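What follows is a short report on a single structure.
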Amino acid sequence: MLSIENLKAKVNDKEVLKGIDLKIKAGEVHAIMGPNGSGKSSLSKVLAGHPAYEVESGDVKFDVNFEMKSILDWEPEERAREGIFLAFQYPIEVPGVSNITFLRLAFNAICRHQGASEMNEEEFRKFVAKKSEIVKLNPDFLDRAVNEGFSGGEKKRNEILQMAVLNPRLAVLDETDSGLDIDSLRIVAEGVNRLRNKNNAIVLITHYQRLLDYIVPDFVHVLAGGKIVKSGDKTLAHKLEKEGYDWLLQ
Amino acid sequence: MSGFLEKAQSRLGSFGGLPHRNHPLWKGFPLQKWEKVLDAALEEREAAVPSPSPRGSVSKETFDFSLLPFSVEDFSVLLFRGEEVLWLKDRPSVMEARLNTEKRSLFSDPDSFAELSLALAHPGLFLKMEAEAVLEKPLLCLLDASLESGWESLVHFVEMGARSKAAVVFYSLQNQGSPTPLRTHFVSGELKDSSVLTTALVSGTSFVSKQFHRFDFFQKKDSRLEVIDLGKGIGFGRGEYHVELLERGASAQVSGIHLLNDHQIYDTRVRISHAAPETYSRQNFKCVVSGSAQSLYGGSVIIQKDAQKSDSSQSHKALLVAPAAKASAFPELEVHADDVKATHGSSTGQMNPEEIFYLKSRALSQGEAVHLLSEAFVKDVVLKISDAGLRLLMESLLEQALPDFVRVMESRWRTP
């Protein structure tokens, strides 16, 4: 579904990705761990098409109708319409725009692109109310401005609600566990598990093993200095939890 | 030749010429461009040949309401065309509404341009609300300049009796396929004790439209005035608002939204004078500026010595959505009383690129993202309109105007 080949990228003239190779298939969950500043969030932004990041070399290919296509020249919205979703580490507040309006516009933009029927306000409200249950988000949040005045946990749950509504084929969750208390972490993780299926893939970017107790990955990769320095199965995360990253960086 | 140009120039000369660039209410305004616009308007009007049947045939039965981008079901409707006024729908009985044939007006400190426009003006609306009268539906005044050459000037007057209540919309109809004249509208009036007037001006019909309007209101005890100016894209224009809060408890809310694209220029000038204790005023202007358009704002609040415990605030915010877009603001406070609340603020900024990226990462195009953020930016101005009918109308017009605004913006992005 996704193939990253020798990806090198910079931001503000600083090289942050120094040759990433990664292949992800449908149905897989990949965890990406690593110390601060190792390039984890940069990778997520490059995948989503953040304009501040400049790809110097390499390629990112995504399965579109059974054909692997390079997405590096695509705008962020084109990637989103093809099914790439980034759950932000720091979800952006958008004052004056209600959650429900924003979600419906996003949902309908994807439907239009994929040739599916769009939903009117009434249909969409019913649809999204059901999705809200997945992350136990009170429907009142739908009429509030996007992320404005939300607690850290509510913002992260709102990101997973967006994921539930937009139903991406590839979801990149950038430190979705950061700032969450135990209960919120469980709710978010349960939500992600309910959305996990054989047709989609999930990339979990995290610092901590605890998220991986709830969302069990098929693969764990360690990113350091802009490169993947170690890959393994879920036991690698346990080892990192016990021993830290030093043994990999020496 | 009608001699119109000569008369107008002579008239302007007798008023001392156009206002000088140092005039406090004309600071920063592109006067040279304005002079050219005026000269062209005068010359075009001079050259116009009067039509033998100048008023055409328009009647209550034949007027095509589908030309309007909104439903008139909940409005009483009047049409102003040339020197005629025609009731099109639901004439209310509680008021006197007719042509302002005597061209009644009340100006606070008129300058030479106001004097000239008034001298050239056709009669507009004369609305008189008797004491206690309440207008059930907002009054929609359609301003049709299609018969005008060069310059359409109308002078309206509103007299609100004690405890009366009305909402009035001045809506400039788009000229179909004819040159766009300079449109000047003067709305003035008096609000007697505890009366409530909500009034809106909707304009901006094309990229080449040129417009000047001025509101002057004098308010008595506990009266309430709300003014909203919605500009959907005016080629070159200026709106002036002068409010005198003369007696205790009078309040005024003056607000506006302007969407500017290409080379458009719009200038907003507000002067509110608090002359009595416990008076209240709010200014809230928002503009979204794209292309190489320019927004200007000058807001002045004067709190006089006797206006203790008055409360005033002014806010002007400009959102620039293109590198060459410009906004300038000149907020001023002049406070002579010592027990008052008075604030002013002005900000000019760009859209947050992280917000744009967030929306784009959720499948919205750049244009859709700009549309959504622009709407969010200006919406509070509309939500503060107290008259429900007017609020709904403004919401609907804004919903229609924003896609047009973004469409033009996007087409410029695509042009190398």
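What the table below lists for this structure:
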{"quantity": "Options B:Leu390, B:Leu372; residue that is away from chain A (no Cβ under 14 Å) and either of a type in the set (Lys, Arg) or assigned to a helix (DSSP H, G or I) (or both)", "calculated": "B:Leu390"}
{"quantity": "Which listed residue, of A:Asn99, A:Asn65, A:Asn36, A:Asn6, is over 29 Å from A:Gly149 (Cβ atoms) and modelled with pLDDT under 95", "calculated": "A:Asn65"}
{"quantity": "Enumerated strands (runs of 3 or more DSSP E) restricted to region A:29-123, each holding at least 1 residues that are of a type in the set (Phe, Trp, Tyr)", "calculated": "A:53-64, A:84-87"}
{"quantity": "Pair list, Cβ under 8 Å, 6 or more apart: region A:40-59 residue farther than 24 Å from A:Lys230 by Cβ, other residue assigned to a loop (DSSP other than H, G, I, E, B) and open to solvent by 50 Å² or more (accessible area, probe 1.4 Å)", "calculated": "A:Gly49/A:Trp74; A:Gly49/A:Glu75; A:Ala52/A:Asn12"}
{"quantity": "Yes/no for B:Asp229 being open to solvent by 10 Å² or more (accessible area, probe 1.4 Å) and modelled with pLDDT of 85 or more", "calculated": "no"}
{"quantity": "Candidate set from region B:350-395 (those that are among the charged types (D, E, K, R) and over 17 Å from A:Phe102 (Cβ atoms)); member that is surrounded by the most Cβ atoms within 10 Å (Cβ to Cβ)", "calculated": "B:Asp387"}
{"quantity": "Hits in region A:72-129 - residues which are farther than 25 Å from B:Asn352 by Cβ, within 13 Å of chain B (Cβ to nearest Cβ) and not polar (S, T, N, Q)", "calculated": "A:Glu82, A:Gly83, A:Cys111, A:Arg112, A:His113, A:Ala116, A:Glu118"}
{"quantity": "Check on A:Gln250, of a type in the set (S, T, N, Q) and open to solvent by 30 Å² or more (accessible area, probe 1.4 Å)", "calculated": "yes"}
{"quantity": "Answer from A:Met68, A:Met1 - the residue that is among the hydrophobic types (A, V, I, L, M, F, W, C), surrounded by fewer than 21 Cβ atoms within 10 Å (Cβ to Cβ) and under 22 Å from A:Val216 (Cα atoms)", "calculated": "A:Met1"}
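Residue-wise test of (1) open to solvent by 10 Å² or more (accessible area, probe 1.4 Å); (2) outside the structural domain of A:Phe102 (by TED's automatic domain parsing).
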| site | (1), (2) |
| --- | --- |
| A:Ile160 | no, no |
| A:Ser178 | yes, yes |
| A:Val192 | no, yes |
| A:Leu195 | yes, yes |
| A:Asn199 | yes, yes |
| A:Ile202 | no, yes |
| A:Val216 | yes, yes |
| A:Phe219 | yes, yes |
| A:Gly225 | yes, yes |
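Listed here are the residues, each with its yes/no results for (1) more than 18 Å from the chain's Cα centre (by Cα); (2) assigned to a loop (DSSP other than H, G, I, E, B); (3) over 15 Å from B:Thr184 (Cα atoms).
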position: B:Pro92; (1), (2), (3): yes, yes, yes
position: B:Arg98; (1), (2), (3): yes, no, yes
position: B:Glu102; (1), (2), (3): yes, yes, yes
position: B:Leu106; (1), (2), (3): no, yes, yes
position: B:Leu125; (1), (2), (3): no, no, no
position: B:Ser146; (1), (2), (3): yes, yes, no
position: B:Glu152; (1), (2), (3): no, no, no
position: B:His156; (1), (2), (3): no, no, no
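The values are calculated or read from the model by the stated rules, or taken from the named source; none is laboratory data. The shown structure was predicted, so the numbers you read here are calculated from the model rather than taken from an experiment. Note that we place each Cβ from the backbone using ideal geometry, even for glycine, and neighbour counts take in every protein chain shown. Heavy atoms of the whole protein, side chains included, go into the accessibility calculation; ligands, DNA and RNA do not. Shrake-Rupley method; radii C 1.70, N 1.55, O 1.52, S 1.80 Å.
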